[in-house]
1. In this structure, does residue 33 turn out to be more than 12 Å from the chain's Cα centre (by Cα), loosely packed, with under 11 Cβ neighbours inside 10 Å and not in a helix (DSSP H, G or I)?
2. Which of (1) in a helix (DSSP H, G or I); (2) surrounded by fewer than 12 Cβ atoms within 10 Å (Cβ to Cβ); (3) touching a Ser or Thr at 6+ places or on another chain (Cβ under 8 Å) is the odd one out, the single condition residue 8 does not satisfy?
3. So which pairs qualify, if the first residue must be in the stretch 15-36 and closer than 22 Å to residue 53 by Cβ, the second must be of a type in the set (Gly, Ala, Ser), the Cβ gap must be under 6 Å, and the two must be at least 6 apart or on different chains?
4. Filter the stretch 37-54 for residues that are surrounded by 15 or more Cβ atoms within 10 Å (Cβ to Cβ) and either free of Cβ contacts under 8 Å to residues at least 12 places away in the same chain or more than 13 Å from residue 16 (Cα to Cα) (or both) and give the result.
5. Looking only at the stretch 12-25, how many residues end up being out of contact with any Leu (no Cβ under 9 Å at 6 or more places or on another chain) and surrounded by 12 or more Cβ atoms within 10 Å (Cβ to Cβ)?
6. Going through the stretch 11-29 one residue at a time, which ones are out of contact with any Ser or Thr (no Cβ under 8 Å at 6 or more places or on another chain) and assigned to a loop (DSSP other than H, G, I, E, B)?
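Readers should treat all values here as calculations from the given coordinates under stated rules, not as data from a laboratory. In this text the structure is predicted, and so the values were computed from the model without any measurement. Note that each Cβ is placed from the backbone with ideal geometry, even for glycine, and that neighbours are counted across all protein chains shown.
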Amino acid sequence: MSREMARLEQAINGIKALQLEFWQTIKVTSIDQGLNQTLERADRVADFIELGTLMCKDTLNR
């Protein structure tokens with residue numbers, strides 16, 4: 001990751017595109033009993049995408 005303003009804005013836009021693609025193409029299978037590991041993994045990926053956005057925005061504002 002770069003600390004240059006233009007590259008950080010480019011990274012934020014790239015992450016937004018990745019997030020949009022993720023939510024449009026995600027398929028979570030369901031299981032009637034027990035924990036749904038597919039849903040847990042999808043949630044973890046969504047958290048990492050959000051974390052990446054927050055890291056870029058934090059660096060941009062410093």
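1. Here the answer is yes, as residue 33 does meet what is asked.
2. (2)
3. 15/52; 26/42; 28/42
4. Within the stretch 37-54, 42 is the sole residue that qualifies.
5. 6
6. As a first pass, look at the stretch 11-29 and keep what is out of contact with any Ser or Thr (no Cβ under 8 Å at 6 or more places or on another chain): 13-14, 17-18, 20-27.
26, 27 - these are the residues of the stretch 11-29 that are out of contact with any Ser or Thr (no Cβ under 8 Å at 6 or more places or on another chain) and assigned to a loop (DSSP other than H, G, I, E, B).
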